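The values are calculated or read from the model by the stated rules, or taken from the named source; none is laboratory data. Model, not experiment: these values are computed from the prediction. When we count neighbours, we look across all protein chains shown, and the Cβ atoms used for this are built from the backbone with ideal geometry, even at glycine.
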């Protein structure tokens with residue numbers, strides 16, 4: 001993917017190609033760059049089809065203990081975020097090949 005042909009959605013921070021980017025009026029003087037799904041969602045919110053819920057309650061953390069057998073470091077990680085927001089790896093040595101899940 002050519003980096004010159006992509007933009008970042010100002011709503012969800014996803015990197016999308018130029019053909020998927022829409023300009024949506026933020027107010028009378030400003031426009032925002034949004035991807036197609038975010039544009040459709042904003043349109044539905046403004047028309048009143050979807051109730052606006054800015055105060056989303058985050059899910060409770062699901063911590064699981066891990067141990068790195070390479071450096072004997074013990075740590076815990078939130079399983080709901082591992083793999084989605086960050087890669088599961090040892091915070092001490094930075095490797096992920098010798099991780100063991102603790103019971």
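The single condition among (1) at pLDDT below 85; (2) closer than 30 Å to residue 93 by Cβ; (3) not in a loop (DSSP other than H, G, I, E, B) that residue 46 does not satisfy is (2).
The set of residues in the stretch 20-43 being assigned to a helix (DSSP H, G or I) and touching a helix residue (DSSP H, G or I) at 6+ places or on another chain (Cβ under 7 Å) consists of 20, 36.
Tell me which residues, restricted to the stretch 49-82, are in a loop (DSSP other than H, G, I, E, B), surrounded by 10 or more Cβ atoms within 10 Å (Cβ to Cβ) and modelled with pLDDT under 90. Result: 50, 61, 62, 79, 80, 81.
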